[in-house]
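Everything on this sheet refers to the single structure shown next.
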Amino acid sequence: MLKKCLENVRKNSPLIHNITNYVTVNDCANILLACGASPIMADDINEVEEITSICNGLNINIGTLNSRTINSMHKAGWMANRLSHAVLLDPVGVGASELRTRTAVELVKNIKFDVIRGNISEIKTLANGSGSTRGVDADIRDSITEENLTEYVKFAKQLSKNMDAIIAISGVIDIVADSKDAYVIYNGHKIMSKITGSGCMLSAFTTAYLAANKDNKLMATVAAFCAMGVAGEIAQKRMSELDGNASFRNYLIDAIYNMTGEQLEAMAKYEKR
Amino acid sequence: MLKKCLENVRKNSPLIHNITNYVTVNDCANILLACGASPIMADDINEVEEITSICNGLNINIGTLNSRTINSMHKAGWMANRLSHAVLLDPVGVGASELRTRTAVELVKNIKFDVIRGNISEIKTLANGSGSTRGVDADIRDSITEENLTEYVKFAKQLSKNMDAIIAISGVIDIVADSKDAYVIYNGHKIMSKITGSGCMLSAFTTAYLAANKDNKLMATVAAFCAMGVAGEIAQKRMSELDGNASFRNYLIDAIYNMTGEQLEAMAKYEKR
Amino acid sequence: MLKKCLENVRKNSPLIHNITNYVTVNDCANILLACGASPIMADDINEVEEITSICNGLNINIGTLNSRTINSMHKAGWMANRLSHAVLLDPVGVGASELRTRTAVELVKNIKFDVIRGNISEIKTLANGSGSTRGVDADIRDSITEENLTEYVKFAKQLSKNMDAIIAISGVIDIVADSKDAYVIYNGHKIMSKITGSGCMLSAFTTAYLAANKDNKLMATVAAFCAMGVAGEIAQKRMSELDGNASFRNYLIDAIYNMTGEQLEAMAKYEKR
């Protein structure tokens, strides 16, 4: 199943429209190319509908939000919905400012997202419609652990029902849930939090998986999360003594570039909850 | 001749003003530094004329076009023309939206470009003043092959005449043409299409070659295209089993950094048509 | 002392708000993560005060200045001052345009900066309130050498007094001075000028050191400058024959990631003047 999802991305080569932040945009483009998809970035209000029209999926990321692009997000999302394209929201740093919280809440209200992907602090803030986060990183007190996993799985399913979207929470332990089923994913390595853009890349990457696997979006999301975690493990193992986070970033994208369906199936660690 | 072009870039160290997209801007800056030039990025309407004045060349790239910077492109282009600076247009994704097509067409109308560089789909769209492209990549149906090469060479020469600019088309086979002469370049490797920014980097890089070789802009463009293709070949050969597109990107810039005139002459594969 | 400064960054993990250019923003984020700090980038007028409030330091960089963000810089700076957060100004390319000069001068007038960091041409332009620079690089005629060092040390101390900020000048020889004391730093390697962002990264990095060492900002700045120079030396030594500026950039960030306090103490070359 995971293998099939990965191979569909390479076979269909979906074109993904990204309205995303300028910090990690280059990494998002390269990871999309690495997995066999194609990226296009466009955020001007006068072209986002057209750009979305020629694409297969839309990735909205509020990482460096500015007033100029909020309307572009709404317009692109509306068009993507109209055309039944895959649409994902990455509410980066929601809760860090009122602007981010309000923008994320309004996007969720007006656009039907297939997937909402964030760290646990972002997802909790979005669930409450308010709250505070420590910048763009998850609050350590929110961490998903073996102890609170059952509780968080329940939370994710309920939120999925409320928001009518797959909830995809990344962290040391990931949870991907719709209103009925949840998958818990154990892949990855802690060094992934030491590069900028691991979350943003995962969002762009997941959008490609969604666009290429429209008949099973839940498993497409699970496959994307497993693949990114596996890539993190491969990249970390490749590190030499002098390597740090910059080399790790390159190895991570390289690992996605070289990943086979067989490798993904063999290394994926996930379970249904 | 190619050797001389390369060495002139290192000797003159031209300062290149880039109004370019935020996706690949870092790569553009690093490749300019790699070849011996210096980059400056500036897009605000209140400073572009001054910035262009202190530079030796101007690279306009519409990759993440926004309404705020279109006027900046016109102003900077106008000043560069007035000062007889080298000016290049990269009409990224023209045809993907009406905004991009209109902007590119108006830029070509109002500014005298030394070189217009794009993939074949972009160049064809620009030639027609309308059309559609699949995002930022060339349409496979447009590909330049040995079979249609003669026809495309004729097209490029005619377009050069119509647009009063060197037409530089990059792809598996590249064509660089003015109204009288055309050069066909066979360097490069297909993995270059698997990183973001190979086109944008080529545009910035070509602008540096133009600025440092103002007495022969056609051969400067040919030299830049050969050098980038050669760098792609060197970078690809350097790849180990675990390397992917991220490492390739680094190796590509590294290869430009280390390239000598002798190496370029020895590896360049081009012919006059 | 340097060791302590480095370790305080890892221990306190300061969150740094960056209003910075889109050319090198990814490198700034990754170097902050490499040293143990956390980055957040936000430049919209409607959120900068809130973002600054949750952070420990503010890094303002005018590298790709635009009219939209100038007010954001003022608002964020004002809030950072009110909260006594560490604040640094990087006047990139000041003198290259009237907009940059005016903006830098007004920022210095309205905001109390802990540190102003630039190359010698930028600092001299800022000192005069006018002048011209060759883009974003230092003018060779301005270079700090053994011959003019005494004179420049005096200049830096006097400017620090006038501007009520630590003056941090980077180049082949660095000077870090307050009104009374100056330190001269001899670390680094000339290849650092062959990557984009070595200055921007140093500014972001120094802000993290300031935020984590608020009781001794002068030595925090000296430590950050030594650490970056040492990282440059380590990265350069690591280069193989095929490596160029792209690999160097990765090695530089990697070296910051792996740097220990002991290594920094052993390799730092600085003296009080």
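Confirm whether C:Met259 is surrounded by fewer than 24 Cβ atoms within 10 Å (Cβ to Cβ), at pLDDT 95 or above and out of contact with any strand residue (DSSP E or B) (no Cβ under 6 Å at 6 or more places or on another chain).
Values: surrounded by fewer than 24 Cβ atoms within 10 Å (Cβ to Cβ): yes; at pLDDT 95 or above: yes; out of contact with any strand residue (DSSP E or B) (no Cβ under 6 Å at 6 or more places or on another chain): yes.
Answer is yes for this residue.
Quick one: is B:Asn21 within 19 Å of the chain's Cα centre (by Cα), within 21 Å of B:Ile195 (Cα to Cα), in contact (Cβ under 8 Å) with a residue 40 or more places away in the chain and within 14 Å of chain C (Cβ to nearest Cβ)? Step through it out loud before you land on a result.
Values: within 19 Å of the chain's Cα centre (by Cα): yes; within 21 Å of B:Ile195 (Cα to Cα): yes; in contact (Cβ under 8 Å) with a residue 40 or more places away in the chain: yes; within 14 Å of chain C (Cβ to nearest Cβ): yes.
For B:Asn21, the condition - within 19 Å of the chain's Cα centre (by Cα), within 21 Å of B:Ile195 (Cα to Cα), in contact (Cβ under 8 Å) with a residue 40 or more places away in the chain and within 14 Å of chain C (Cβ to nearest Cβ) - is met.
Regarding C:Ile62, is this residue of a type outside the set (Phe, Trp, Tyr), without any contact (Cβ under 8 Å) to a residue 60 or more places away in the chain and closer than 30 Å to A:Pro91 by Cβ? Walk me through it before giving the result.
Details: of a type outside the set (Phe, Trp, Tyr): yes; without any contact (Cβ under 8 Å) to a residue 60 or more places away in the chain: yes; closer than 30 Å to A:Pro91 by Cβ: yes.
Taking the combined requirement at face value, the residue satisfies it.
Would you mention how many residues in segment C:214-258 are within 14 Å of chain B (Cβ to nearest Cβ) and of a type in the set (Gly, Ala, Ser)?
Of segment C:214-258, the ones within 14 Å of chain B (Cβ to nearest Cβ) are C:235-236, C:238-254.
Still in the list and also of a type in the set (Gly, Ala, Ser): C:235, C:240, C:244, C:246-247.
The qualifying residues number 5.
Taking the condition of being facing chain A (nearest Cβ under 10 Å), over 25 Å from C:Thr125 (Cβ atoms) and part of a helix (DSSP H, G or I), how many residues in segment C:53-95 meet it?
So the count comes out to 2.
Which condition does B:Asp90 not pass, out of (1) free of Cβ contacts under 8 Å to residues at least 40 places away in the same chain; (2) within 20 Å of B:Ile167 (Cα to Cα); (3) crowded, with 24+ Cβ neighbours inside 10 Å, if it passes all the others?
(1)
Among the candidates C:Tyr152, C:Tyr186, single out the residue that is surrounded by 24 or more Cβ atoms within 10 Å (Cβ to Cβ) and over 25 Å from C:Thr64 (Cα atoms). Let's see the steps before the verdict.
Numbers: C:Tyr186 fails: surrounded by 24 or more Cβ atoms within 10 Å (Cβ to Cβ).
After ruling out the rest, the residue left standing is C:Tyr152.
Quick one: is C:Cys226 buried (at least 24 other Cβ atoms within 10 Å of the Cβ) and touching a Gly at 6+ places or on another chain (Cβ under 7 Å)? Walk me through it before giving the result.
On the way: buried (at least 24 other Cβ atoms within 10 Å of the Cβ): yes; touching a Gly at 6+ places or on another chain (Cβ under 7 Å): no.
Spelling it out, it is not the case that C:Cys226 is buried (at least 24 other Cβ atoms within 10 Å of the Cβ) and touching a Gly at 6+ places or on another chain (Cβ under 7 Å).
Condition (residue is under 20 Å from B:Met201 (Cα atoms) and assigned to a loop (DSSP other than H, G, I, E, B)) applied to segment B:103-111: is it met by at least one residue?
Within segment B:103-111 (the criterion being under 20 Å from B:Met201 (Cα atoms) and assigned to a loop (DSSP other than H, G, I, E, B)), the answer is no, since none of the residues qualifies.
Being outside any helix (DSSP H, G or I) and away from chain B (no Cβ under 14 Å), is that true of even one residue in segment C:204-213? Before the answer, list the steps.
Pass one, segment C:204-213, residues outside any helix (DSSP H, G or I): C:213.
Filter again for away from chain B (no Cβ under 14 Å), leaving C:213.
Yes; the residues of segment C:204-213 include at least one that is outside any helix (DSSP H, G or I) and away from chain B (no Cβ under 14 Å).
Given (1) more than 9 Å from chain C (Cβ to nearest Cβ); (2) assigned to a strand (DSSP E or B); (3) not polar (S, T, N, Q), identify the lone condition not met by B:Pro39.
Of (1) more than 9 Å from chain C (Cβ to nearest Cβ); (2) assigned to a strand (DSSP E or B); (3) not polar (S, T, N, Q), only one is false for B:Pro39: (1).
With C:Asn46, C:Asn12 as the choices, which residue is surrounded by fewer than 23 Cβ atoms within 10 Å (Cβ to Cβ) and at the interface with chain A (Cβ under 10 Å from one of its Cβ atoms)?
On the way: C:Asn12 fails: at the interface with chain A (Cβ under 10 Å from one of its Cβ atoms).
Being surrounded by fewer than 23 Cβ atoms within 10 Å (Cβ to Cβ) and at the interface with chain A (Cβ under 10 Å from one of its Cβ atoms) holds for just one of C:Asn46, C:Asn12, which is C:Asn46.
Got a sec? Which of A:Asp142, A:Asp164, A:Asp178, A:Asp174 is on the phi > 0 side of the Ramachandran plot and away from every other protein chain (no Cβ under 14 Å)? It would help to see each step written out before you state the result.
Values: A:Asp142 fails: on the phi > 0 side of the Ramachandran plot; A:Asp178 fails: on the phi > 0 side of the Ramachandran plot; A:Asp174 fails: on the phi > 0 side of the Ramachandran plot.
Of the residues listed, the single one that is on the phi > 0 side of the Ramachandran plot and away from every other protein chain (no Cβ under 14 Å) is A:Asp164.
If I filter segment A:120-127 for residues that are within 20 Å of A:Ala177 (Cβ to Cβ) and either surrounded by fewer than 21 Cβ atoms within 10 Å (Cβ to Cβ) or over 20 Å from the mean Cα position of the chain (by Cα) (or both), do I get at least one hit?
At the first step, the residues of segment A:120-127 found to be within 20 Å of A:Ala177 (Cβ to Cβ) are A:120-127.
Now restrict to residues that are either surrounded by fewer than 21 Cβ atoms within 10 Å (Cβ to Cβ) or over 20 Å from the mean Cα position of the chain (by Cα) (or both): A:127.
Checked against the condition, which is being within 20 Å of A:Ala177 (Cβ to Cβ) and either surrounded by fewer than 21 Cβ atoms within 10 Å (Cβ to Cβ) or over 20 Å from the mean Cα position of the chain (by Cα) (or both), segment A:120-127 yields at least one hit.
State yes or no: is A:Ala235 surrounded by 24 or more Cβ atoms within 10 Å (Cβ to Cβ), touching a Leu at 6+ places or on another chain (Cβ under 9 Å) and farther than 29 Å from A:Ala80 by Cβ?
yes
The values are calculated or read from the model by the stated rules, or taken from the named source; none is laboratory data. Just so it is clear, the model here is predicted, and its values are computed rather than measured. Here Cβ is always computed from backbone atoms with ideal geometry, including for glycine, and neighbour counts include all displayed protein chains.
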